[in-house]
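First the structure, in the form of structure tokens, and then the observations on it.
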Amino acid sequence: MVSILYVQENRVSSVKSVRMSVLSRWLVSRRSGFLSTTGRNKHSCSAFAAGEGQTLADFRRCYNSTADKTLSPGGFYQRLTPTLTEYFSDLVETALDQVAVPDSVNVDVERFRDVMIANGTILRLHEMLSEEYKARHEEQAGAKLHLLHNATEKTIERFDLTHEKTHGSTLFNTGSWLQGRLILFDLAYFKYCRFSLVDENDGYFVSRLKQNANPVITKELREWRGDAIRLGGKKIQNVVDDLYRTYIDVEVEAEFK
């Protein structure tokens, strides 16, 4: 039996976009003289979206596909100055301060021995390294950095560097070390068997729900006012589109091999 707090992502992402826009304008006003207020330099703030296209070249192509004017590679890269680097660093730092305010963290987190984060990221390498670091596409080289980060102690408990094709979840080993710890999983680690092993070792986890995952709701853990839809006995994906609430707090049951 697994408890799930289901959050509708489209509503959450729109809030994040508004916050980042406000933070960006605040930092621009804070840094007087950083941005020109005339000509084509008036608007120079953009952001990377989550997904595959996160390289600087992808960023330039995205800009060219949406802006009235296009930027050549030379014209784009000459804008990547140390001042711009410092500005984006301040933007990220300010955003983290706004989101991770210590006073806003629920005291329930203190009941966990540690909060751990499991994640991985792809490092694009020169194609001459393609034999050693095989990528998903031909004529490319890529490494994957796998991290197990202890957010409580602010330390790295484990890291592995593999070729890009290595699935991150294969490097996550369950065991007695999970006892009393809360694990924050990236969607790549989603596997009912893994969640069950975390539970068997007296650990806890948080994960997004895959779109094709459709467990059966066995119990609602929160009462709702008004004419709320009863969810017991229904599958999650079959009811979420009919709900007006942003989240549901339920226990579910899923079968796995």
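The values are calculated or read from the model by the stated rules, or taken from the named source; none is laboratory data. These numbers come from a predicted model, not from an experiment. Here the Cβ positions follow ideal geometry from the backbone for every residue, glycine too, while neighbour counts run over all protein chains shown.
Taking the criterion of being in contact with a strand residue (DSSP E or B) (Cβ under 7 Å, 6 or more places away or on another chain) and β-branched (Val, Ile, Thr), the residues of the range 235-250 that qualify are 236, 240, 246, 248, 250. Apart from one condition, residue 121 fits all of (1) hydroxyl-bearing (Ser, Thr, Tyr); (2) part of a loop (DSSP other than H, G, I, E, B); (3) at pLDDT 85 or above; the exception is (2).
Among 196, 169, which is the only one that is in a helix (DSSP H, G or I), closer than 21 Å to residue 122 by Cα and not basic (Lys, Arg)?
169
Put simply, of 228, 213, 188 the only residue that is among the hydrophobic types (A, V, I, L, M, F, W, C) and in contact with a strand residue (DSSP E or B) (Cβ under 8 Å, 6 or more places away or on another chain) is 188. Scanning the range 177-193 for residues that are under 19 Å from residue 114 (Cα atoms) and not in a helix (DSSP H, G or I) yields a total of 8. Could you list, in sequence order, the residues of the range 158-176 that are farther than 30 Å from residue 130 by Cβ and exposed (fewer than 15 other Cβ atoms within 10 Å of the Cβ)? Within the range 158-176, 175, 176 qualify. Can you find even one residue in the range 208-230 that is acidic (Asp, Glu) and surrounded by 15 or more Cβ atoms within 10 Å (Cβ to Cβ)? Yes, that holds for at least one residue.
Quick check, is residue 201 over 24 Å from residue 235 (Cβ atoms), under 20 Å from the mean Cα position of the chain (by Cα) and surrounded by 12 or more Cβ atoms within 10 Å (Cβ to Cβ)? No.
For the range 146-155, the criterion of being surrounded by 14 or more Cβ atoms within 10 Å (Cβ to Cβ) and farther than 30 Å from residue 254 by Cα is satisfied by at least one residue.
The residues of the range 187-199 that are out of contact with any Ser or Thr (no Cβ under 8 Å at 6 or more places or on another chain) and not polar (S, T, N, Q), listed by number, are 192, 193, 199.
On the stretch given as the range 129-156, residues that are within 24 Å of the chain's Cα centre (by Cα) and in a loop (DSSP other than H, G, I, E, B) total 7.
Give me the residue from the range 203-257 that is of a type in the set (Val, Ile, Thr) and in a helix (DSSP H, G or I) and, out of that set, farthest from residue 178 (Cα to Cα). Applying the filter and picking the extreme gives 239.
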